[in-house]
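Peer 1: The structure that follows is given in the form of structure tokens.
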Ligand code: DQA
């Protein structure tokens, strides 16, 4: 089983960016925690980060044909703004789980709304790196239910 983890805009700066909200973990730390949990679950994980919206969308398009069984996504600020990314996810038939490091609902009002929620199975927010690991477990469980 193949799980794709997508990290969106500014998330390469985790570790240096607003540690009060996002903690000290770098994106590399997050990816290695994901690898560890994936191997415990017996699945393969592929991670991808970009700051370019078109590249992010093209990576979603590739997931149509590359054997991806489920997606975990932290789209960063695109979560709140990008109908183009929502349209790309709407093409996928595999489960998509949205994750956020911070508790977006306890922050500024613009972060309370996700344009991705209508095309995702559910979301996990506020648990730091653990949000990704819980999201991965949810994605694997949903993909296993489908097969
Ligand atoms: C974030 C929350 C978003 O509101 C923000 O724009 C981010 C990170 C999170 O992981 O908590 O870039 O997705």
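The values are calculated or read from the model by the stated rules, or taken from the named source; none is laboratory data. All figures in this text were calculated on a predicted structure; none of them were measured in a lab. No Cβ is skipped: glycine too gets one built from the backbone with ideal geometry, and neighbour counts run over all protein chains shown.
Peer 1: Closer than 22 Å to residue 138 by Cα and loosely packed, with under 14 Cβ neighbours inside 10 Å: which single residue out of 98, 93 fits that description?
Peer 2: Unique residue meeting the criteria: 93.
Here is a yes/no grid of residues against (1) away from the ligand (no atom under 16 Å from the Cβ); (2) on the phi > 0 side of the Ramachandran plot; (3) not in a helix (DSSP H, G or I):
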| site | (1), (2), (3) |
| --- | --- |
| 51 | no, no, yes |
| 54 | yes, no, no |
| 99 | no, no, yes |
| 111 | no, no, no |
| 118 | yes, no, no |
| 127 | no, no, yes |
| 137 | yes, no, no |
| 141 | yes, no, no |
| 144 | yes, no, no |
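Okay, residues lined up against (1) buried (at least 22 other Cβ atoms within 10 Å of the Cβ); (2) under 19 Å from residue 43 (Cα atoms); (3) touching a residue at least 60 places away in the same chain (Cβ under 8 Å):
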site	(1), (2), (3)
55	no, no, no
63	yes, yes, no
67	no, yes, yes
115	no, no, no
119	no, no, no
127	no, no, no
130	no, yes, no
136	yes, yes, yes
141	no, yes, no
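Peer 1: Then there's this: Which one of these does residue 76 not meet: (1) at positive phi; (2) over 16 Å from the mean Cα position of the chain (by Cα)?
Peer 2: Condition not satisfied by residue 76: (2).
Peer 1: When the range 10-49 is examined, which residues are found to be touching a strand residue (DSSP E or B) at 6+ places or on another chain (Cβ under 9 Å) and either within 13 Å of the ligand (Cβ to nearest atom) or under 15 Å from residue 128 (Cβ atoms) (or both)?
Peer 2: 11, 12, 14, 27, 30, 31, 34, 37, 49
Peer 1: Between residues in the range 23-41 that are at positive phi and modelled with pLDDT of 95 or more and residues that are outside any helix (DSSP H, G or I) and exposed (fewer than 15 other Cβ atoms within 10 Å of the Cβ), which pairs lie under 7 Å by C-beta distance while being six or more apart or on different chains?
Peer 2: Nothing qualifies.
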